[in-house]
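**Student:** I have a structure I would like to understand better, so I am pasting it below and will then ask my questions one at a time.
The values are calculated or read from the model by the stated rules, or taken from the named source; none is laboratory data. Just so you know, these numbers come straight off a predicted model, no measurement behind them. Virtual Cβ from ideal backbone geometry, glycine too; neighbours counted across all protein chains shown.
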Amino acid sequence: MIIRKKFRVNGIVQGVGFRPFIFSLASEMGLSGFILNSPSGVVIEAEGPEDLISGFQERLHSEAPPLTRILKCSSEEIPLKNEPGFIILKSEGGHESDTFISPDVTVCKNCLSEMRDPGDRRYRYPFINCTNCGPRFSIVHSIPYDRVNTSMKNFPLCPECRSEYESPLDRRFHAQPNACPVCGPSVSLEKSSGGSGKTYKEEFSSLSSREIVARVQEQLLNGSIVAVRGIGGFHLAVDAMNNEAVQRLRERKGREEKPFAVLARDVESIRRICTLSEAELAAVENWQRPIVLLKKSGKDCLAPSVAPENAYYGLMLPYSPLHYLLLDGPLRYLVMTSGNCTDEPIAISNQEARVRLSGIADYFLFHNREILQRCDDSIVRVADKNKLSLLRRSRGFVPNPVFIGKKSPERILACGPELKNTIAFLRDDQVFISQHIGDLDNPEAFKFFKHCISHLGKTLGIQPAFLAHDLHPEYLSTKWALGQNLPCLGVQHHHAHLASVLADNNLTGPAIGIILDGTGYGADGTIWGGEILAGDASGYERLSWLKPFRLPGGTMAIKQPWRIALSLLDQELGEDFRGIPLDFLSVPDEGQMDNLLKISRSGLNSPWTSSCGRLFDGVSALLGIKPVIAYEAQAAIAMEMSVAEDEKSFYPEAVNSNVLRGPIQLSALLRMIVGDLVKGIDKCIIAARFHNTLAEMFTSSALLAQKETGFRRVALSGGVYQNVFFSRRITAALEREGFEVITHTQVPGNDGGISLGQIAVAEKMIRR
Ligand SMILES: [Zn+2]
Ligand SMILES: [Zn+2]
Ligand SMILES: [Zn+2]
């Protein structure tokens with residue numbers, strides 16, 4: 001029997017090759033009808049024998065292109081129309097929900113094999129792409145996503161490319177960045193003059209693109225630093241096996257110890273230096289191509305200065321055709337660190353790179369396809385139970401929305417926190433979170449923040465009616481929000497963390513939140529960061545918190561964690577600690593120590609904090625692991641790297657002193673640690689015991705909170721959970737007590753996920 005069905009498909013189905021897919025599927029099956037993009041999603045009408053229509057419906061889901069995400073697909077039978085064939089109808093545009101833009105996509109297998117085929121017209125062409133792959137978000141300046149609204153508008157299609165672009169059965173049908181060596185972008189090479197912002201290109205101007213790639217490989221092998229223009233910005237590349245060259249990059253970039261990300265030729269190259277589980281392999285090979293943190297195997301290794309004092313490498317596989325070309329030769333690993341000076345956003349234009357990077361790079365590998373949206377590499381790690389955990393959500397993920405289940409009539413912009421800032425827009429049931437913006441105290445990053453707001457708002461067609469911001473009055477994002485002529489809603493930082501992890505899991509019900517991070521402005525004006533909250537997006541109660549301690553010297557204490565160790569010992573153990581033989585006490589001299597204790601006790605420039613991140617820093621210093629740091633969280637990371645992983649014991653004396661609506665005491669914990677140190681117990685064991693004890697302390701607080709509230713669900717959020725050892729231990733302890741444990745999946749648990757939580761909380765405030 002012949003029937004006709006109308007399908008309405010919602011989700012990420014536009015700009016991802018879904019229409020050509022449906023067209024060829026229907027044509028192949030001999031069905032008639034049409035497909036069209038409408039304001040309410042994709043509409044398909046298909047007519048044919050009943051069994052074929054049901055087969056079509058099945059394959060629509062099972063064979064959809066990789067970037068598609070079908071959230072809803074309704075179907076109804078309608079009267080027959082008897083058309084001759086299947087066609088793609090012109091879009092009914094205009095409405096805002098018509099606008100999804102795909103993230104940038106790693107070059108696909110088909111394009112790669114064409115690129116490697118000497119007979120293909122795109123043989124070794126660095127900008128090859130198709131409907132299923134290539135740049136998207138980073139080359140768009142406005143909607144709709146058509147070539148004229150991208151940086152490809154400067155490259156009119158040659159006849160051959162045009163016919164691919166126009167033919168519905170071609171795999172480049174409507175591929176907006178479609179290009180070839182005849183009509184598309186090209187690479188160029190320049191030499192740095194060494195810091196003046198000048199470059200020389202004369203000696204390279206006659207080289208072909210293949211010769212340029214060969215010349216760059218040669219220079220990299222010689223130890224040169226090359227600034228490489230990529231998809232979302234510039235990288236600084238250097239041979240990762242050449243320690244002297246990596247060291248030079250560190251010196252020139254002003255980045256002393258923080259690990260560098262590395263691009264590896266293939267999976268086999270990764271296996272040579274790292275352990276790789278199934279889940280990690282999947283993360284590495286995913287089309288989003290993030291940097292994946294992988295444990296060093298201890299067998300073969302890269303130059304020592306790539307990731308000093310760290311048990312992990314940050315590795316990724318090539319994602320642009322140019323990366324594949326660069327590694328198609330003797331080079332197996334390249335350091336690929338962001339093309340910036342420390343803390344600045346990455347450079348994206350050729351001129352910007354000349355000015356900002358000429359003191360770092362020896363050569364510049366440019367191209368002329370403009371990057372319109374800066375987008376750093378994303379960073380992930382496989383955490384507990386093979387779950388992917390995002391540390392930085394950028395290229396490959398942005399601008400895909402987080403779906404929150406229920407449509408909201410409100411249009412809200414969340415301005416995010418100060419550090420690791422992202423912003424977010426709410427539209428219907430979708431929260432669009434920006435790429436990683438960075439730390440706003442850097443003037444360039446703050447410019448980028450403002451640019452992101454106007455750009456993302458424009459491309460999504462959203463005019464916010466409300467602004468959500470952090471409670472911290474000194475955050476630049478807060479100040480910016482308050483300076484706009486719109487109603488503003490202040491959201492407490494740790495409440496935003498709790499709401500973020502709930503929204504991330506599409507949950508609206510309440511939970512006990514164990515929110516552990518470095519810094520957040522508390523409702524009482526002090527710095528919070530070790531918080532047991534109970535509630536949901538509509539409200540929270542602070543049920544308990546780490547006992548506050550002072551940060552002598554404020555930000556100085558963050559850079560020199562030995563100050564935190566001193567203040568903790570002085571507060572919890574009293575003056576006596578000075579007689580105890582502790583290694584770290586040799587860091588400050590007597591005068592420095594007296595002075596520090598004086599300001600700490602007087603409270604002068606020594607704010608109170610209940611921060612869990614700072615407690616980790618302090619204990620790391622106390623153990624003599626990292627009394628002074630070079631980058632954020634280094635002390636805690638170094639301690640995590642040193643833990644004796646099999647050590648299960650903890651300090652029971654430290655656990656049972658908790659009360660509800662009061663501080664979690666620290667004195668027993670510190671006394672036990674100092675006792676172990678004096679006994680000469682290995683620091684790796686003490687570090688593990690500290691992690692284990694903290695996990696037990698928070699679990700016992702959660703049990704008290706559960707008695708009071710009846711909640712069986714615990715939500716974990718905050719930068720401290722980037723510590724995998726600690727995350728595993730606290731999750732295991734909570735599950736042992738029968739809790740359901742909720743963690744982040746789609747956004748980072750650090751402050752990169754705050755904007756999502758601000759949206760969720762502000763939405764509830766407006767409804768009230
Ligand atoms: Zn492709
Ligand atoms: Zn062409
Ligand atoms: Zn935070």
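**Student:** Please give the number of the condition Ser62 fails out of (1) within 16 Å of ligand 1 (Cβ to nearest atom); (2) hydroxyl-bearing (Ser, Thr, Tyr); (3) farther than 28 Å from Ile291 by Cα.
**Tutor:** So the condition that Ser62 fails would be (1).
**Student:** Tally time: how many residues in the range 513-526 are under 25 Å from the mean Cα position of the chain (by Cα) and of a type outside the set (Phe, Trp, Tyr)?
**Tutor:** Of the residues in that region, 8 qualify.
**Student:** Within the range 247-292, can you find the residues that are closer than 19 Å to Leu327 by Cβ and assigned to a helix (DSSP H, G or I)?
**Tutor:** Within the range 247-292, Leu249, Val267, Glu268, Ser269, Ile270, Arg271, Arg272, Ile273, Leu281, Val284, Glu285 meet the criteria.
**Student:** Across the range 117-138, what is the total count of residues that are away from ligand 1 (no atom under 16 Å from the Cβ) and either in a loop (DSSP other than H, G, I, E, B) or over 22 Å from Pro66 (Cβ atoms) (or both)?
**Tutor:** Within the range 117-138, residues that are away from ligand 1 (no atom under 16 Å from the Cβ) and either in a loop (DSSP other than H, G, I, E, B) or over 22 Å from Pro66 (Cβ atoms) (or both) number 2.
**Student:** Follow-up. Quick check, is Ile599 in the same structural domain as Ser717 (by TED's automatic domain parsing), part of a helix (DSSP H, G or I), over 27 Å from Lys258 (Cβ atoms) and of a type outside the set (Asp, Glu)? Reasoning before the result, please.
**Tutor:** Working: in the same structural domain as Ser717 (by TED's automatic domain parsing): yes; part of a helix (DSSP H, G or I): yes; over 27 Å from Lys258 (Cβ atoms): yes; of a type outside the set (Asp, Glu): yes.
Yes: the conditions hold for Ile599.
**Student:** Then there's this: More than 16 Å from ligand 2 (Cβ to nearest atom), without any contact (Cβ under 8 Å) to a residue 40 or more places away in the chain and not small (Gly, Ala, Ser): does that describe Glu190?
**Tutor:** Criteria not met by Glu190.
**Student:** Also, quick follow-up: Anything in the range 100-140 that is in contact with a strand residue (DSSP E or B) (Cβ under 7 Å, 6 or more places away or on another chain) and closer than 14 Å to Gln373 by Cβ? List them, or say none.
**Tutor:** Within the range 100-140, Ile101, Arg136, Ile139, Val140 meet the criteria.
**Student:** For the range 146-180, how many residues meet the condition of being away from ligand 1 (no atom under 16 Å from the Cβ), crowded, with 17+ Cβ neighbours inside 10 Å and within 34 Å of the chain's Cα centre (by Cα)?
**Tutor:** So the answer is 5.
**Student:** Go over the candidates Leu322, Leu276, Leu327, Leu293 one by one and state the one that is without any contact (Cβ under 8 Å) to a residue 24 or more places away in the chain and either surrounded by fewer than 21 Cβ atoms within 10 Å (Cβ to Cβ) or out of contact with any helix residue (DSSP H, G or I) (no Cβ under 7 Å at 6 or more places or on another chain) (or both). Full working, then the answer.
**Tutor:** Details: Leu322 fails: without any contact (Cβ under 8 Å) to a residue 24 or more places away in the chain; Leu327 fails: without any contact (Cβ under 8 Å) to a residue 24 or more places away in the chain; Leu293 fails: without any contact (Cβ under 8 Å) to a residue 24 or more places away in the chain.
Answer to the check: Leu276.
**Student:** Can you find a residue that is more than 19 Å from the chain's Cα centre (by Cα), part of a strand (DSSP E or B) and either at pLDDT 95 or above or hydroxyl-bearing (Ser, Thr, Tyr) (or both) anywhere in the range 436-450?
**Tutor:** For the range 436-450, residues more than 19 Å from the chain's Cα centre (by Cα), part of a strand (DSSP E or B) and either at pLDDT 95 or above or hydroxyl-bearing (Ser, Thr, Tyr) (or both): absent.
**Student:** Also, I was wondering about something else. Can you name the residue in the range 556-611 that is under 36 Å from the mean Cα position of the chain (by Cα) and aromatic (Phe, Trp, Tyr) and is also surrounded by the most Cβ atoms within 10 Å (Cβ to Cβ) among such residues?
**Tutor:** Looking at residues that are under 36 Å from the mean Cα position of the chain (by Cα) and aromatic (Phe, Trp, Tyr), I get Trp562.
**Student:** All but one of (1) part of a loop (DSSP other than H, G, I, E, B); (2) of a type in the set (A, V, I, L, M, F, W, C); (3) in contact with a helix residue (DSSP H, G or I) (Cβ under 6 Å, 6 or more places away or on another chain) hold for Val380; which doesn't?
**Tutor:** Unmet for Val380, out of (1) part of a loop (DSSP other than H, G, I, E, B); (2) of a type in the set (A, V, I, L, M, F, W, C); (3) in contact with a helix residue (DSSP H, G or I) (Cβ under 6 Å, 6 or more places away or on another chain): (1).
**Student:** Somewhere in the range 127-141, is a residue more than 16 Å from ligand 3 (Cβ to nearest atom), among the aliphatic types (A, V, I, L, M), in contact (Cβ under 8 Å) with a residue 12 or more places away in the chain and surrounded by fewer than 21 Cβ atoms within 10 Å (Cβ to Cβ)?
**Tutor:** no
**Student:** So for the range 228-236 (the condition being surrounded by fewer than 19 Cβ atoms within 10 Å (Cβ to Cβ) and in contact with a strand residue (DSSP E or B) (Cβ under 9 Å, 6 or more places away or on another chain)), does at least one residue qualify? If you could, list the steps in order and put the result at the bottom.
**Tutor:** At the first step, the residues of the range 228-236 found to be surrounded by fewer than 19 Cβ atoms within 10 Å (Cβ to Cβ) are none.
Taking every residue of the range 228-236 in turn, none turns out to be surrounded by fewer than 19 Cβ atoms within 10 Å (Cβ to Cβ) and in contact with a strand residue (DSSP E or B) (Cβ under 9 Å, 6 or more places away or on another chain).
**Student:** Still on this structure: Identify, from the list Leu207, Leu220, Leu169, Leu189, the residue that is of a type outside the set (Asp, Glu) and more than 26 Å from Gln351 (Cβ to Cβ).
**Tutor:** Leu169
**Student:** Got a sec? Which helices (runs of 4 or more DSSP H) wholly within the range 628-746 have at least 2 residues that are of a type in the set (Ser, Thr, Tyr) and closer than 16 Å to Leu546 by Cβ?
**Tutor:** Details: elements: 634-642, 667-679, 683-709, 724-736.
Helices (runs of 4 or more DSSP H) meeting the threshold: 683-709.
**Student:** Where in the range 467-581 are the helices (runs of 4 or more DSSP H), entirely inside, with at least 2 residues that are more than 16 Å from ligand 1 (Cβ to nearest atom) and touching an Asp or Glu at 6+ places or on another chain (Cβ under 7 Å)?
**Tutor:** Of the helices (runs of 4 or more DSSP H) lying wholly inside the range 467-581, those with at least 2 residues that are more than 16 Å from ligand 1 (Cβ to nearest atom) and touching an Asp or Glu at 6+ places or on another chain (Cβ under 7 Å) span 476-482, 493-504.
**Student:** Mind listing whichever residues of the range 174-185 are in contact with a Ser or Thr (Cβ under 6 Å, 6 or more places away or on another chain) and more than 12 Å from ligand 2 (Cβ to nearest atom)?
**Tutor:** Gln176
**Student:** Here's a follow-up. Just to be sure I understand the filter: pairs with C-beta atoms under 6 Å, separated by 6 or more residues or on different chains, first member in the range 421-438 and among the aromatic types (Phe, Trp, Tyr), second member in a loop (DSSP other than H, G, I, E, B). Which pairs pass?
**Tutor:** Phe425/Ile462; Phe432/Pro399; Phe432/Pro401
**Student:** Kindly indicate whether any position in the range 748-755 is under 28 Å from the mean Cα position of the chain (by Cα), within 16 Å of ligand 3 (Cβ to nearest atom), farther than 21 Å from Lys295 by Cβ and not in a helix (DSSP H, G or I).
**Tutor:** No, every residue in the range 748-755 fails to be under 28 Å from the mean Cα position of the chain (by Cα), within 16 Å of ligand 3 (Cβ to nearest atom), farther than 21 Å from Lys295 by Cβ and not in a helix (DSSP H, G or I).
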